[in-house]
Amino acid sequence: MRIGILLSGRGSNFAAIAASIRASRLTGVEIAVVVSNVAEAGGLQTALELGLPTAVFVSKGRKRAEHDADVIACLRAHQVDLVCLAGYMRLLSPHFIAAFPNRILNIHPSLLPSFPGLAAQEQAFDYGVKVAGCTVHFVDEHLDHGAIVLQRAVPVLETDDAHSLAERILAEEHLAYTEAIALVAGGNYEIQGRRYVKRSR
Ligand code: GAR
């Protein structure tokens, strides 16, 4: 399975996926291209160091549909089967979703449906939850919304601040994304409404 990574920032989730592939914790999967909408994204530098193909389509000031058309064309040119959003801070257009039906994953640093949107870890900390976590889900046309592949819980400690909580959530994200990609690449599941359901063999 050829995956396309979309990122906007430091790219630690992307680096964790790449490390899992290198260490054969994630098999049958290769990274076909790393795409960013931000030219200065740290994740792009990591991709270059790893010798992976990269592409930049700066989104600032462009119409969403036009920008997305460029990204879709790039993903198709690299024969991408599965798109993985890894800190891609941009809503996808309906056209993008339709181009890869149930073939786009996202990782979000909260136990959805709690705390969608920006700074989810801080939202959870400020709310006073006792259990936080992360979610890998299929992407639909709504923000942080599609069918959930898996979640990992992270207890909130008395000693936490928003930063320390975010760091522990991030460590779980790095495990969760590899696990979710392996599940989806394995293909042994179906999506029933909002539910990701493993098929019994
Ligand atoms: C991660 O915490 C990811 O869950 C979050 O952005 C961070 C990117 O970090 N994504 C979202 O909030 C999407 N709604 P990274 O660039 O180091 O992977």
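For the reader, a short list of remarks on this structure follows.
- Some residue of the range 146-154 being modelled with pLDDT of 95 or more, closer than 26 Å to A15 by Cα and charged (D, E, K, R): yes
- In the range 97-153, of all residues being more than 12 Å from the ligand (Cβ to nearest atom) and of a type in the set (F, W, Y), the one that is farthest from I169 (Cα to Cα) corresponds to F100.
- Of all residues in the range 39-49, those that are assigned to a loop (DSSP other than H, G, I, E, B) and in contact with a strand residue (DSSP E or B) (Cβ under 8 Å, 6 or more places away or on another chain) total 2.
- Enumeration of residues in the range 113-139 that are crowded, with 18+ Cβ neighbours inside 10 Å and under 14 Å from the mean Cα position of the chain (by Cα): C134, T135, V136, H137, F138, V139
- Subset of the range 94-143 [within 22 Å of M1 (Cα to Cα), in contact (Cβ under 8 Å) with a residue 40 or more places away in the chain and not in a strand (DSSP E or B)]: I97, N102, V139, D140
- Test: residue in the range 54-70 that is at positive phi and at pLDDT below 95: yes
- Residue in the range 52-63 that is farther than 25 Å from A166 by Cβ, within 16 Å of the ligand (Cβ to nearest atom) and among the polar types (S, T, N, Q) present: yes
- Matching entry among L7, L82, L44 (being away from the ligand (no atom under 15 Å from the Cβ) and not hydroxyl-bearing (S, T, Y)): L82
The values are calculated or read from the model by the stated rules, or taken from the named source; none is laboratory data. Since we're looking at a predicted model, the values are computed, not measured. Because the Cβ atoms are built from the backbone with ideal geometry, glycine has one as well, and the counts that use them run over all protein chains shown.
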